[in-house]
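The values are calculated or read from the model by the stated rules, or taken from the named source; none is laboratory data. Because the structure is predicted, anything quoted here is derived from the model rather than measured. Positions of Cβ are backbone-derived with ideal geometry, glycine not excepted, and every protein chain shown enters the neighbour counts.
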């Protein structure tokens, strides 16, 4: 069985930056075990699997270790593939996912994702979180992930987390964030328990980041940088129960995966 496959760098306008995602275009779903094996073989933060359904697309996301409930960069990558390689000419795409329907609106080469807000609640910092990060944040928010807020961008850049300790936390991953030197805010994202020690650019983390920084800065429209080694740029808007996350994407490679279905 040959599966059309694309590797796309998301939240960037040039290759070797942003977050690489694999995109597999299917006629129907493969067995879950096979999709997980493909994601593990690709060894990217996420591999997306998309099935065209006429007026919309079914979409699922897998890390090398598990299926996840929401992924921004692989959705952006999939939208790029559909528009640039599959001949879909509309400016809006609709994806059906386990997180509900996600719309992607294109304006030139900028694509904007409409995602659910995950604001979370303030909580006391678990000692394991402090020990794992090697630094104590001034604020901690808990949603799907822990979000650790620091005073400065340099604090976030200087983190060298203990991945073994991070795996002990009751969350998918850990967001570290602070005000930016050039951007409104910066972040890094660590999810070693999901097979992703550091995600180069995490769209779903911004479902928690955007509500927090919109409140702190008293603005609904924000500009964000993920300050991983590869780096990524995100335009952000707080829309109450939804957030808009805009970015660009570029194709790195195209081809086919040759796998057995059983």
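Structure notes:
- Positions within the range 173-205 being surrounded by 22 or more Cβ atoms within 10 Å (Cβ to Cβ) and in a loop (DSSP other than H, G, I, E, B), in sequence order: 173, 200, 201, 202, 203, 204, 205
- Take the conditions (1) closer than 24 Å to residue 193 by Cβ; (2) in contact with a helix residue (DSSP H, G or I) (Cβ under 8 Å, 6 or more places away or on another chain); (3) surrounded by 17 or more Cβ atoms within 10 Å (Cβ to Cβ); residue 131 misses just one of them, which is (3).
Here is a yes/no grid of residues against (1) under 17 Å from the mean Cα position of the chain (by Cα); (2) within 18 Å of residue 216 (Cβ to Cβ):
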position	(1), (2)
126	no, no
136	no, no
147	yes, yes
165	no, no
181	no, yes
186	yes, yes
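- Test: residue 257 is under 22 Å from residue 181 (Cα atoms) and either surrounded by fewer than 20 Cβ atoms within 10 Å (Cβ to Cβ) or assigned by TED's automatic domain parsing to the domain that holds residue 182 (or both): no
- Between 100, 18, 54, the distinction of being surrounded by fewer than 20 Cβ atoms within 10 Å (Cβ to Cβ) and either touching a residue at least 24 places away in the same chain (Cβ under 8 Å) or closer than 17 Å to residue 243 by Cβ (or both) belongs to 100 only.
- Scan of the range 134-158 for residues that are touching a helix residue (DSSP H, G or I) at 6+ places or on another chain (Cβ under 7 Å), surrounded by fewer than 19 Cβ atoms within 10 Å (Cβ to Cβ) and in contact (Cβ under 8 Å) with a residue 12 or more places away in the chain, ordered by number: 135
- Strands (runs of 3 or more DSSP E) contained entirely in the range 110-167, each with at least 2 residues that are in contact with a strand residue (DSSP E or B) (Cβ under 6 Å, 6 or more places away or on another chain) and more than 28 Å from residue 13 (Cβ to Cβ): 139-142, 146-149
- Test result for residue 257, under 20 Å from residue 133 (Cβ atoms) and at pLDDT 95 or above: no
- Sole exception among (1) farther than 26 Å from residue 250 by Cβ; (2) in contact with a helix residue (DSSP H, G or I) (Cβ under 7 Å, 6 or more places away or on another chain); (3) in contact (Cβ under 8 Å) with a residue 12 or more places away in the chain; (4) in a loop (DSSP other than H, G, I, E, B) for residue 64, by number: (1)
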